[in-house]
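What follows is one structure encoded as structure tokens, with my remarks underneath.
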Amino acid sequence: MKADVLVIGGGIQGCATAFHLARQGVSVIVVEKDYAGRHASGVNAGGVRLLGRDMAEVPLSKTSMEMWQTLDDDLGHDTGFRRHSLINIAVDDADLGALQVREDKMRAAGYTHERIIDRSELMDRLPHVNPDCVGGVISDLDGYAIPYKATAAFRRAAEDLGAQVVESEEVLGLRRIGNVWLAQGRQHRYEAETVVNCAGAWADRIALLIGDNVPLSHAAPMLMITARMPHFAKPVVGAVSRQLSFKQFENGTVLIGGGAKGFADRANNRTRLDYSKLAAACRTTAEFFPIMHKASINRMWAGLEAYMPDNLPVLGPAVNAARAFHAFGFSAHGFQMAPVVGQVLADLVTGGHSRFNLSPFRIDRFDRKVL
Amino acid sequence: MQAFDCAIVGAGPAGMCAAIELARAGVQVAVLDRAPRAGGQIYRSAANSPVPDVAALGADYAAGAALISEFEQVNLTHFTGADAWHLGDDGRILFSHEGNTQELRCREMLLCPGAMERPMPIPGWTLPGVMTAGAAQVMLKSDAIVAEGAIFAGSGPLLYLIVAQYLRLGVPVTALVDTTPRQHYLDAAPHLLRALRHSGQLRKGLALLREIRTSGVAIHSVAERLKVVGDNKAEGLRFVAAGRQHEITADTVFLHHGVQPNLNMTRAMDLDHQWNSEQMCWQVSADDFGQSSIEHVSVAGDGAGIVGADGARAEGRLAALNILRRLGHLSRAERDQKAVKDLSVLSSIKSFRRFIDCLYRPTDALRLPRDPETLVCRCEEQSLDDLRKGFDQGAQDPNTLKALTRCGMGPCQGRQCGHVVAGLLAQWRDEHPETIGYYRLRSPQRLLTLDELSRYHTVQVEAAE
């Protein structure tokens, strides 16, 4: 099979890249070793979050957030995005101090999308919050989307424009011969001028085939979802200094995250849960929101996610090969970035540059470190 | 000591028989069961029945009381009211018990999750007033509650048993609407001779049918195109039989067309499963001793493939013998020698089953919905039409269809709709169920509150004497 671009990995980054490329008239094939959205993209917490981003990520994340607001129309498919704001709760003066430091830094950089709120505004916005909480910080543009739906929306939009998605297709070999990349999949052989590595928790293996080494690790962040409950929280909720994270969807179910990690069994393509850590997440959630004490957990799961040592993604060209690009290692906060990442990669592939500063995301940024 | 030698999940006939065998050999056994007393579904409350005339429930049920009493006399740790919601292939079991979460470790695990009724998604099957024959049994056995003037519709031994029990207790039954197709009698005939090896069961079955026939209750045979009528609740049943349409009025309609293994535990553990084309359902792949694809995990009873209560007893003992071998209490030769009788019993029961499975094989018309409006996933309210739309959008296997439509994501975790969804996909793709597969399931296998999970304890095992 032949195309201008071969995207490896049918997660949301790969599907978004295919969409943006196809929109520019580039022929693109996405190969996915399982099915599109099988891992982190389809099973994450669905947070569409600009709040609290690393300064290096803010420009990308901000643009992406603007793209989310009209994404359903642009794709012609439903992502389930709801702009309901995100609030990180402060429990004490130390938290408020940390928020103030952050706000000063943001204002100095010219950003105004995060705003500190006091206790009474917190209580107005989250009437069920534990009254001991002292305030928080809000980002109004934030919200959530439905992960599998959003990934499928990008995929279908890409397919509508002529992109091909080949599932159950693991890349076993990848070589650059002359001016083309030759990829050997389990089912087919591929030939493309350009290859894009969006292979998520498996991206270090693809990077190696391309010629780049990367210190990628993987982990299994755990999630729980409750049965339907009466509506009690519209904003997405987090905490400044505690492992708290949840959101209530329109159907009343509450998704509880918080970052506790299970066991990532990458070799067997699966995860195991650490139930004692989930028990701690339950305690924290009910402590912040007493209404949650009697909530019923319906499902628990974890996805395989790729992490970089500095929790920043790899985004940009390969350093040891021509016509190869990377986008992976989002360290559990890549879902929101997908719209802009697809755009950035399409720009790199077609024009060779991006309007964003991608130097913090270079794949070789750890090579230069000396002991 | 930190771990039990063996943990058994489910205290029905299989679990009880295995536990007795293991405990008598001096093994440290933990038994977990949701009910306040052992018995499982088949012997539910058999040891303390609220039904005054318990003989009316039949001799098989009465025999359960003796087994329960034997089980209660052996030395083991029995957690009653214990709802296991996570079974790990590392030998860890998490269960809810008295409002807490308990973690228990074991070297060997025996799963006896039992059977559940096959859903019968005919139009109107989700209306209030429509229940399963099994629900009628539970109400009768647990609380001596009956529904007067009900219609019983479908086919299979359990349906006839509950009708006979009602009649013996003097509870009026409006009608028995039997859906067994005429062709099935012809198909089953060749298996009759081998079924005679287990002639006791056959005689019991025939006596049951004779009892119903001579009672005077209205029986409609070879019924087709069933539909429960009513707007907000069941008001009756419409069907075609003997060449014309019937409509019978009743407040309660009990449906039944056989049982299938309850897969949630074994699927969530990711054990290998295979399609049983005679019973039209998935079951765990296991050897003669119930050892699964994970060697320290065994299965026994209906949860491992439908064998009935007597078969479950034999399978429980066989699994126990193999576990004793694995724990070093028996040599392979000793195990095989002790297993001879139960293996032979099981073989004759299976010959009988083949006849029953053929005679009461679920028909596609009752197994799979045909009316676009009919709900398939009750938890997430997904109709046949919703699923078909998801399929047409490209969700062609159970997991992508689940991700797209949410079917199977509700509190029952697909227990109700799993086989139906897989059956529909097999039909739409015109492929074998093995190719289609099944939902990927996860813990917890029941709803558990945040409070229960947050109170997390580890069961300490007392040192062996």
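No lab work stands behind these numbers, since they all come straight from the coordinates. Keep in mind that what you see is a predicted model, and the values were worked out from it rather than measured. We place every Cβ from the backbone using ideal geometry, glycine too, and count neighbours over all the protein chains shown.
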* Asked: Okay, which of the range B:171-198 sit inside 20 Å, backbone N to the point 7 Å along the Cα-Cβ direction of B:ARG244?
  -> B:175-179
* Structure fact -> The rounded separation in angstrom of the Cα centers of the range B:293-330 and the range B:128-147 is 30 Å
* Structure fact -> Shielding of A:293-302 by other chains, given as the mean Cβ count within 10 Å, works out to 6
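Do the sum for chain A: with -39,500 (n - 2.57) for every DSSP H run of n ≥ 4, divided by all residues, what is the mean residue ellipticity at 222 nm, to the nearest 500 deg cm²/dmol?
Helix contribution divided over all residues of chain A: -8500 deg cm²/dmol.
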* Asked: Which percentage, to the nearest 5, of the DSSP beta bridges contained in chain A is antiparallel?
  -> 70 percent
* Calculate one ³J(HN,Hα) per residue across the range A:85-100 by plugging θ = phi - 60° into the Karplus curve 6.51 cos²θ - 1.76 cosθ + 1.60, and present them in order as whole Hz with x for glycine and proline. => 6, 10, 10, 9, 8, 9, 9, 7, 5, 4, 4, 4, x, 4, 5, 5
* Asked: Cα centroids of the range B:416-465 and the range B:172-214: how far apart, whole angstrom?
  -> 34 Å
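Give me the percent relative contact order of the range A:195-330, please, defined on Cα pairs under 8 angstrom at least 6 residues apart.
On the way: 279 pairs, mean separation 46.7, N = 136.
Once divided by the residue count of the range A:195-330, the mean separation gives 34 percent.
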* **Cα-based equivalent ellipsoid, the range B:368-436: semi-axes from gyration tensor eigenvalues, Å** => 16, 13, 12
* Structure fact -> From the Cα centre of the range A:317-371 to that of the range A:1-58, the distance in Å is 13 Å
* Under 5 Å between amide H atoms, partner at least 5 residues away or on a different chain: which partners does A:ILE256 have, H built in plane at 1.01 Å? -> A:MET224, A:ILE225, A:THR226
* Placed amide H near A:VAL48: partners under 5 Å, 5+ positions off or other chain -> A:GLY143, A:TYR144, A:ALA145
* Spin-label model distance (nm) - A:ARG242 vs A:HIS128, 7 Å beyond Cα toward Cβ -> 1.5 nm
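What's the FRET efficiency of A:GLU103 with A:SER359 using the Cβ-Cβ distance as r and R₀ = 25 Å, to the nearest 0.05? List each step's numbers first, then the result.
Details: r = 26 Å, r/R0 = 1.03.
That gives a FRET efficiency of 0.45.
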* For peptide A:35-48, how many partner chain Cβ atoms fall within 10 Å of a residue's Cβ, on average? -> 1
* Per residue, what volume in Å³ does the convex hull of the Cα atoms of chain B enclose? -> 145 Å³
* Structure fact -> Shielding of A:360-366 by other chains, given as the mean Cβ count within 10 Å, works out to 0
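Roughly how many debye, to the nearest 20, is the charge dipole of the range B:368-436 about its Cα centre, given +1 on each Lys and Arg Cβ, -1 on each Asp and Glu Cβ, and no other charges?
Magnitude of the dipole: close to 200 debye.
Which value, to two decimals, describes the C-alpha radius of gyration of the protein assembly as shown once divided by 2.2 N^0.38 Å?
Working: Rg = 29.8 Å, N = 836, 2.2 N^0.38 = 28.4 Å.
The value comes to 1.05.
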* For the range B:368-436, what's the relative contact order in percent, using C-alpha pairs closer than 8 Å and at least 6 residues apart? -> 30 percent
* Distance in nm between label sites at A:ASP73 and A:GLU250, each 7 Å beyond Cα in the beta-carbon direction? -> 1.7 nm
* Structure fact -> Residues whose modelled amide H sits under 5 Å from the amide H of A:GLY11, counting only those 5 or more places away in sequence or on another chain, are A:GLY37
* **Phi-based couplings in Hz for the range A:327-338 (Karplus 6.51, -1.76, 1.60; Gly and Pro marked x)** => 8, 6, x, 6, 6, 6, 9, x, 4, 5, 7, 3
* Structure fact -> Cα gyration tensor of the range A:159-313 diagonalised, 5x eigenvalues square-rooted, in angstrom largest first, produces semi-axes 40, 18, 14
* Could you rank the peptides A:223-234, A:21-32 by their average count of other C-beta atoms within 10 Å per residue, with the highest value first? => A:21-32, A:223-234
* Cα-centred dipole magnitude for the protein assembly as shown, charges only on beta-carbon of K, R (+1) and D, E (-1), debye, nearest 20 -> 1080 debye
* Structure fact -> For B:CYS417, B:CYS112, B:CYS281, B:CYS358, ascending order of other Cβ atoms within 10 Å (fewest first) is B:CYS358, B:CYS281, B:CYS417, B:CYS112
* So what is Rg over Rh here for the range B:318-465, counting just Cα atoms and using Kirkwood for Rh? -> 1.14
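Which whole-number percent is the relative contact order of chain B (Cα, under 8 Å, 6+ apart)? Walk me through the numbers on the way to the answer.
Details: 980 pairs, mean separation 92.1, N = 465.
20 percent.
How many percent of all Cα-Cα pairs in chain A sit more than 37 Å apart? All intermediate terms of the calculation are to be shown ahead of the outcome.
On the way: 13057 of 68635 pairs.
Result for the distance tail: 19 percent.
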* Asked: With θ set to phi - 60° and the Karplus curve 6.51 cos²θ - 1.76 cosθ + 1.60, what are the ³J(HN,Hα) couplings of the range A:19-34 in order, to the nearest whole Hz, using x for Gly and Pro?
  -> 4, 5, 5, 4, 5, 8, x, 8, 7, 9, 10, 9, 10, 10, 6, 10
* **Ranked list, fewest to most other Cβ atoms within 10 Å of each Cβ, for B:THR458, B:THR179** => B:THR458, B:THR179
* Structure fact -> In nm, the gap between the two label points placed 7 Å beyond Cα toward Cβ at B:ARG429 and B:SER142 is 3.7 nm
* Compute log10 of I(q)/I(0) for the range A:239-371 with the Debye formula, placing one identical point scatterer on every Cα and leaving out solvent, at q = 0.15, 0.16 Å⁻¹, to two decimals. => -0.90, -0.96
* Relative to the Cα centre, what is the charge dipole magnitude of the range A:1-159, using +1 at the beta carbon of each Lys and Arg, -1 at the beta carbon of each Asp and Glu, and rounding to the nearest 20 debye? -> 600 debye
* Asked: What's the exposure ranking of B:MET120, B:MET139, going from fewest to most Cβ atoms within 10 Å?
  -> B:MET139, B:MET120
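Can you give the calculated 222 nm mean residue ellipticity of chain B, where each DSSP H run of n ≥ 4 adds -39,500 (n - 2.57) and the sum is split over every residue, rounded to the nearest 500 deg cm²/dmol? Display every interim value, and only then the final one.
Working: 16 runs with 171 residues, N = 465.
Taking each H run of at least 4 residues, the total per residue is -11000 deg cm²/dmol.
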* How many percent of DSSP beta bridges within the protein assembly as shown run antiparallel, rounded to 5? -> 60 percent
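Quick one: pull the percentage of alpha-carbon pairs in the range B:119-257 with a separation above 24 Å. Each step should come with its number before you reach the end.
Numbers: 2899 of 9591 pairs.
For the range B:119-257, the fraction of Cα-Cα distances above 24 Å is 30 percent.
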